[in-house]
Amino acid sequence: MEAKRVSESRTFMTDLVLPPDTNVHGTIFGGRVMAYIDKIASITAMRHCRRAVVTASSDSLDFLAPIKVGEAIQLEAFVTWTHQTSMEIFCRIQSENLLTGEQRLTATSYLTFVALDDQGKPVVVPPVLPETDEEWWHYNTAAERRETRLKRRKERSAAAISYAH
């Protein structure tokens, strides 16, 4: 299967943060940010494999700064690495003060998606071809994140079984 360049599935999304999107502090609800992340990562994964996908894991979501009402939320997502049927997606979230133009990094996230065939079974995905230094960094560090994710999944599965008995 031929590799696809990261740029072929890179996705951007921008929206205006309005009062219904915010908490009592006038900053966007974390759950709203999470929904944006899942949506943009889904689009990115589908662009990469041209298949239906499901979220397999939300590996991390680090909130770094709040996004205030009246600011724009800007998301960027791209495939960092692929395994047999899965894709790791990195998402960068920024805010923009639309009056001053000031932008700042507000959150980052890694998610894993699995591609599905028409019967809902996992299907092989194309490899990813990094092009920039940043893309190569994510690519070269992805195997370690995968090992951590698999270890965590195994530990939680074992814990769930032991608590069930």
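No value in this document is a laboratory result; all are computed from the given coordinates. Note that this is a predicted model, so its numbers are computed, not measured.
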Give a residue-ordered list of calculated ³J(HN,Hα) values for the range 53-64 (Karplus: 6.51 cos²θ - 1.76 cosθ + 1.60, θ = phi - 60°; whole Hz; x for Gly, Pro).
-> 9, 10, 6, 9, 7, 10, 6, 7, 8, 10, 7, 10
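Note down, for the range 22-112, the three equivalent ellipsoid semi-axes (square root of 5 times each alpha carbon gyration tensor eigenvalue), biggest first, whole angstrom. Working shown, then result.
Values: eigenvalues 144, 32, 22 Å².
Whole-Å semi-axes of the equivalent ellipsoid: 27, 13, 11.
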How far, in degrees from 0 to 90, does helix 133-164 lean away from the longest principal axis of the Cα atoms of the chain, to the nearest 10?
-> 70 degrees
Once phi is turned into θ = phi - 60°, what whole-Hz ³J(HN,Hα) does the Karplus curve with 6.51, -1.76 and 1.60 give for every residue of the range 121-130, x standing for Gly and Pro?
-> 9, x, 9, 4, 10, x, x, 10, 10, x
So who's got an amide H within less than 5 Å of the one on residue 56, skipping anything under 5 residues away but keeping other chains? H placed 1.01 Å off N, in plane.
-> 112, 113, 114
23 Å Cα-Cα reach of residue 68 towards lysines, excluding residues that sit fewer than 8 places from it in its own chain | 39
What residues qualify as long-range amide H neighbours of residue 70, i.e. H under 5 Å apart, gap of 5 or more or another chain, H built at 1.01 Å from N?
-> 17, 18
37 °C / 0.692 mPa s Stokes-Einstein diffusion coefficient of the chain, Kirkwood radius on C-alpha pairs, µm²/s | 194 µm²/s
Karplus ³J(HN,Hα) for the range 70-76 (6.51 cos²θ - 1.76 cosθ + 1.60, θ = phi - 60°; Hz, whole; x = Gly/Pro) runs x, 8, 8, 9, 10, 10, 9
The long-range amide H neighbours of residue 123, using H built 1.01 Å from N in the peptide plane and a cut-off of under 5 Å, are 115, 116, 117
Span per principal axis, largest first, for the Cα atoms of the range 15-62 (Å) = 40, 22, 13
